[in-house]
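The values are calculated or read from the model by the stated rules, or taken from the named source; none is laboratory data. Since this is a predicted model, take the numbers as computed values, not measurements. Cβ coordinates were reconstructed from backbone atoms using ideal geometry, including for glycine residues, and neighbour counts include every protein chain displayed. Calculation scope for accessible area: heavy atoms of the full protein, side chains included, ligands and nucleic acids excluded. Shrake-Rupley method; radii C 1.70, N 1.55, O 1.52, S 1.80 Å.
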Amino acid sequence: MGLPSPVLRAARVSSPTVMLNDRETVGLTVDARSGEPGEWAMGHARPTFERRQLGLVLRRLREHAGKTQQSAADALGKVRSRVVQLEDGTATASQEDLEKLLDYYSVVGDERATALELGAQARRRQQRRIHVDNLPDAYRRFADLEASAVEINVYDTGVIPGLLQSPGYLQALFAEAEGIWWAAADAQGEDRWVYRTDRQARILRDGDRRIMRFVVTEDALRANMGAPEIMREQLNHLLGLLDKLPDLNIRVMRADAYGNPLRGYGLTILGFGERGAPIGYSSPVLGPSTYYDGEPETTAMLRAFYRLWETALSREESRRLIQQIAKE
């Protein structure tokens, strides 16, 4: 079975389509009449990574301030389409315009400094394929990028991916890290919890039609996380998500499977359909977030992910294995 297509087509790699779930083919863009995957619209202005980050931050700040795109445009003395372009990442703002928007949204302190630095990075675009986010609150920008994707591909080894974690599992995961990666009773503990649960609420909604693919390792399903009842909660949570979301596809990589090019690693690849090329993400335990938007890197990451996809159990086989482990 060949590599799935559309996100790879955006990276200029041709491949046949495959069966992804109980619907038909998978893809970032699908023609509603033919069901065939679409191509990345090369005629559209390609947003750079820096412009995407700035645009998503500006959209979040505007919405948090309760402002409309039209009122933001009026504050700039420009047409609404200019604000749309800024938020879509197909244009960038001068420092003067960016400061006007931040004033209008009442943004101050570290959040304002971060937005201004993102604006400076967007204006001095360099030909890089790897992007390291050293600015404060990097997790917020990852969540913005993830929420804007039309296709989400995730592989984690030894742990249930964050979007799929049940409340009890998440609490147990945080408890294991407390006093190691952050101080006990750290003031940011509540922020971590809210961040994770908000991510889930933004993505795992009824009627959300984005494509979501997760490859979960068998050892993550059998891990001793917290207590046996927590793991049963987590396994039943996975089964409930599969029932609730037809476009969610979870596949399990058996412990005895051969041919895993990502053994010991984890990655996320986000697809954006006609709005841009895919972006790969590497989540570190320590250090800054690292993103990849170069064609060689994202193509290699996608090949590795789809090798796992073909090797892992099917959606229905994975469901049966999860049910079996939950009963053990």
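In table form, for the structure just shown:
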read-out: Cross-chain or 6+ apart pairs with Cβ under 6 Å, segment 87-110 first and of a type in the set (Gly, Ala, Ser), then part of a loop (DSSP other than H, G, I, E, B) and modelled with pLDDT under 90; value: Gly89/Pro47
read-out: Residue that is surrounded by the fewest Cβ atoms within 10 Å (Cβ to Cβ), among those in segment 236-275 that are at positive phi and in contact (Cβ under 8 Å) with a residue 60 or more places away in the chain; value: Gly264
read-out: Leading residue by the ranking (farthest from Pro261 (Cα to Cα)) among those in segment 279-296 that are touching a strand residue (DSSP E or B) at 6+ places or on another chain (Cβ under 6 Å) and outside any loop (DSSP other than H, G, I, E, B); value: Ser289
read-out: Top-ranked residue in segment 287-328 [being more than 20 Å from Asp247 (Cα to Cα) and without any contact (Cβ under 8 Å) to a residue 40 or more places away in the chain; ranked as nearest to the chain's Cα centre (by Cα)]; value: Met301
read-out: Which numbered condition Asp206 misses (of (1) of a type outside the set (A, V, I, L, M); (2) closer than 26 Å to Glu316 by Cβ; (3) open to solvent by 10 Å² or more (accessible area, probe 1.4 Å); (4) assigned to a helix (DSSP H, G or I)); value: (4)
read-out: Top-ranked residue of segment 90-129 - restricted to ones that are touching an Asp or Glu at 6+ places or on another chain (Cβ under 7 Å) and more than 12 Å from Gln53 (Cα to Cα), ranked as most open to solvent (accessible area, probe 1.4 Å); value: Arg129
read-out: Qualifying residue in segment 26-40 (condition: assigned to a loop (DSSP other than H, G, I, E, B), among the small types (Gly, Ala, Ser) and at pLDDT 85 or above); value: no
read-out: Close pairs from segment 197-223: first more than 18 Å from Ile152 (Cβ to Cβ) and of a type in the set (A, V, I, L, M, F, W, C), partner outside any loop (DSSP other than H, G, I, E, B) and open to solvent by less than 10 Å² (accessible area, probe 1.4 Å), Cβ under 7 Å, at least 6 apart; value: Leu221/Leu235; Leu221/Val252; Leu221/Ile322
read-out: Test: residue in segment 256-268 that is modelled with pLDDT of 95 or more and either closer than 19 Å to Arg320 by Cβ or of a type in the set (Asp, Glu) (or both); value: no
read-out: Close pairs (6 angstrom Cβ cut-off, 6 or more residues apart or separate chains): farther than 26 Å from Met253 by Cβ in segment 128-155, of a type in the set (Phe, Trp, Tyr) and surrounded by 19 or more Cβ atoms within 10 Å (Cβ to Cβ) anywhere; value: Ile130/Tyr292; His131/Phe49; His131/Tyr291
read-out: Members of segment 302-317 found to be open to solvent by 30 Å² or more (accessible area, probe 1.4 Å) and assigned to a helix (DSSP H, G or I), listed by number; value: Arg303, Arg307, Glu310, Thr311, Glu316, Glu317
read-out: Test: Ala73 is modelled with pLDDT under 90, surrounded by 18 or more Cβ atoms within 10 Å (Cβ to Cβ) and not in a loop (DSSP other than H, G, I, E, B); value: no
read-out: Pairs, first outside any helix (DSSP H, G or I) and modelled with pLDDT of 90 or more in segment 50-70, second of a type in the set (Ser, Thr, Tyr) and open to solvent by less than 60 Å² (accessible area, probe 1.4 Å), C-beta under 8 Å, six or more apart; value: Lys67/Tyr105
